[in-house]
Amino acid sequence: PGEGFISVGDGPVWYKISGEGPGLPLLVLHGGPGGTSCGQSLLDALGDERPVIRYDQLGTGRSGRPENTALWRAERFIEALHTLRSELGLGEFHLLGHSWGGSLAAAYVLEKGTAGIASMTLSSSTP
């Protein structure tokens, strides 16, 4: 458990890992774009069962705020998510996306495939 920053190429992305439970980690994607992960802090209580990982997407919350508007494309968010996954060593995990985060989760799976994703939950999302 802990928190820190990971460079996703266009700036730093803040993340927090809560708990050390024995289950597969849960990676949480917040709504927005423009939202933050603070609303998902209620899920931190699951840390006794599994690590809960949440992060603020680039441009939001504690993460960097690049001014280049060309970065605000789905492909950019997919790559940032993939970098975060790689840097945190998430081989197998559960994926939860709320609102825009659900759209990002779906786009991620369509682009990168389902390898290592034990389950995907879309909450209040358009897909």
Carbon and sulfur atoms: what percent of the 1.4 Å accessible area of the chain do they account for? 52 percent
Enumerate the calculated ³J(HN,Hα) couplings along the range 83-95 in order (Karplus 6.51 cos²θ - 1.76 cosθ + 1.60, θ = phi - 60°), each rounded to whole Hz, writing x wherever the residue is Gly or Pro. 4, 4, 4, 5, 5, 8, x, 7, x, 10, 6, 9, 10
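Could you work out the helix-only [θ] at 222 nm for the chain, with each DSSP H run of four or more residues adding -39,500 (n - 2.57) and the total divided by the number of residues, to the nearest 500 deg cm²/dmol?
Numbers: 2 runs with 27 residues, N = 127.
Result for the chain, helices only: -7000 deg cm²/dmol.
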To the nearest 20 debye, the chain has a Cα-centred charge dipole, built from +1 on Lys and Arg Cβ and -1 on Asp and Glu Cβ, of 220 debye
How far is helix 100-112 tilted off the main Cα axis of the chain, in degrees rounded to 10, range 0 to 90? 90 degrees
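Could you order peptides 77-86, 61-70, 117-126 by the average number of other Cβ atoms within 10 Å of their residues, highest first? Intermediate values should be presented prior to the final figure.
On the way: 77-86: 18.5, 61-70: 12.7, 117-126: 14.3.
Ranking the peptides 77-86, 61-70, 117-126 by packing returns 77-86, 117-126, 61-70.
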Considering Cα pairs under 8 angstrom that are at least six residues apart, work out the relative contact order of the chain and quote it in whole percent. 26 percent
Tell me, what ³J(HN,Hα) does each residue in the range 63-68 have, in order and in whole Hz, if you take phi through Karplus 6.51 cos²θ - 1.76 cosθ + 1.60 with θ = phi - 60° and put x for Gly and Pro? 7, x, 10, x, 9, 6
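Express as a percent, rounded to the nearest 5, the fraction of DSSP beta bridges in the chain (both residues included) that run antiparallel. Kindly include the intermediate steps, with their values, before the conclusion.
Numbers: 10 of 23 bridges.
Antiparallel bridges make up about 45 percent of those DSSP assigns within the chain.
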What accessible area per residue comes out for the chain, rounded to a whole number of Å², with a 1.4 Å probe? 48 Å²
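The values are calculated or read from the model by the stated rules, or taken from the named source; none is laboratory data. On a predicted model such as this, the values are computed, not experimentally measured, just so you know. Neighbour counts are summed over all protein chains in view; Cβ atoms, including those assigned to glycine, are modelled from backbone coordinates with ideal geometry. Heads up: the accessible areas ignore ligands, DNA and RNA and are worked out on the full protein's heavy atoms, side chains in. Shrake-Rupley method; radii C 1.70, N 1.55, O 1.52, S 1.80 Å.
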